[in-house]
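Visitor: For reference, the structure I am asking about is given below.
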Amino acid sequence: MLQTLRPPIYLPRANTDPVSSPHAALAVFCLAIRRPLCEEMLVLMHDNQLRGVGLMSFDAVASFSSNINHAIGLCSSVLDATSFSICTVEPLLQSRATDTTNWQNAKRLCQSAGLTLNYWLVVTRGSVINVREHN
């Protein structure tokens, strides 16, 4: 199913339209998700008006906290970035038991760096999970 996932008709324009919902963030992430699905993390950086100012992808082979630190480092290198959203791609759905702890730790790490974590979406075969909604 997700191998044919296409962005919806509405796609926020970079540096112009705010990415103000998980649906809008998913539309942007759909442009960059590799097919076939593989373990990766995508980072969508936002300015203070939630407009997209950068989109990066990297292999998510490290622990979640290491990946969040990597994302914070990426955002710190972009002048206008004040917040970001992440999308982790898991070809095989993994246990969601640690999501609450990971979400809280990621929010704390971002706040320490002067950034805000807006959304965390998990894309897997057959589903998209908005981790924030489950907390």
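Visitor: Compute log10 of I(q)/I(0) for segment 18-67 with the Debye formula, placing one identical point scatterer on every Cα and leaving out solvent, at q = 0.27, 0.29 Å⁻¹, to two decimals.
Guide: Results for segment 18-67 at q = 0.27, 0.29 Å⁻¹ read -1.06, -1.11.
Visitor: Continuing with the same structure: Looking at segment 1-102, which trypsin sites (Lys or Arg not before Pro) are DSSP coil and have at most 13 other C-beta atoms within 10 Å of their C-beta? Intermediate results must be reported in sequence, preceding the final value.
Guide: Values: sites: Arg13, Arg34, Arg51, Arg96; in loops: Arg13, Arg34, Arg96.
Passing both the DSSP loop test and the Cβ count: Arg13, Arg34, Arg96.
Visitor: Specify which labelled value, from [x] 131; [y] 116; [z] 96, agrees with volume of the Cα convex hull per residue in Å³ derived from the coordinates of the model shown.
Guide: Checking each listed value against the structure points to [z].
Visitor: To continue, here is another question. Residue separation times 0.36 nm, minus the C-alpha to C-alpha distance between Ser112 and Leu74: what's the value?
Guide: Working: separation 38, 0.36 × 38 = 13.68 nm, distance 1.50 nm.
Working it through step by step, the gained length comes to 12.2 nm.
Visitor: Which far-off residues, 5 or more places away or on another chain, put their amide H under 5 Å from the one on Gly54, with H placed in the peptide plane?
Guide: Long-range HN contacts for Gly54: Met45.
Every read-out reported here was derived from the displayed coordinates using simple, explicitly stated rules and does not represent laboratory data. For clarity, every value in this text was computed on a predicted model and none was experimentally measured. With ideal geometry, Cβ positions are generated from the backbone for all residues, glycine too; neighbour counts draw on all protein chains shown.
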